[in-house]
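To start, the structure itself, in structure tokens.
The values are calculated or read from the model by the stated rules, or taken from the named source; none is laboratory data. Not measured: the values here are computed from a predicted model. Using ideal geometry, Cβ is built from the backbone for each residue, glycine included, and neighbour counts are taken over all protein chains shown.
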Amino acid sequence: MVEDPHLRENRFARTHSDFDIAQRETGSYNRGVMETLKAIDIDHLMEASGGDRELAAELVHLYLDLTDKELVLLEKATVAGDAAAAHSIAHKCAGSSFTCGMNELARILKHLEYETSLGMLEHAPALIKQVNEQMCAVKASLTAFLDSVKPSP
């Protein structure tokens, strides 16, 4: 089923408008919430959840829970010199990151996936560092997203 582009635009605008409102309410509107959300593609995340903001929030919670655990295992695999395990974990994390709109994080993970597919681990520590830094940015962005979809009291 092809979505009407006007509906998608309206859903996208409504979602971003909600972020603006949330920012104004917290008193930090002058920086703009979109600056905070740079680490994620909100449009892609909303598309993955069928435009349902509550489902998107559930997806975000699941993503964070699973990805945090996998990234710990990824680091352990690289430290242990297990390129095959690192490759598998990097592949899984890259896929879930792309699915949820964490494109920059996914790009770094794909780089690590490629290198580990060749059995190369020499760049792994630097790539893991980039992954961890980008994950911090993703978490900040996702926190802003989750705050914006909380029901009003």
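Just for the stretch 141-153: of the residues that are among the polar types (S, T, N, Q) and without any contact (Cβ under 8 Å) to a residue 40 or more places away in the chain, which one is surrounded by the most Cβ atoms within 10 Å (Cβ to Cβ)? Per the criteria, the residue is T143. Residues considered: A144, A90, A140. Of these, the only one that is over 17 Å from D41 (Cβ atoms), out of contact with any strand residue (DSSP E or B) (no Cβ under 7 Å at 6 or more places or on another chain) and not acidic (D, E) is A90. Counting only helices (runs of 4 or more DSSP H) that sit wholly inside the stretch 1-86, those with at least 3 residues that are at pLDDT below 50 and either of a type outside the set (G, A, S) or touching a strand residue (DSSP E or B) at 6+ places or on another chain (Cβ under 7 Å) (or both) are 5-26, 33-36. Return the total of residues in the stretch 58-93 being in contact (Cβ under 8 Å) with a residue 24 or more places away in the chain, buried (at least 18 other Cβ atoms within 10 Å of the Cβ) and aliphatic (A, V, I, L, M). Qualifying residue count, the stretch 58-93: 7. Give the residue that is modelled with the lowest pLDDT, with candidates limited to residues of the stretch 94-140 that are assigned to a helix (DSSP H, G or I), among the small types (G, A, S) and surrounded by fewer than 16 Cβ atoms within 10 Å (Cβ to Cβ). So the residue we want is A140.
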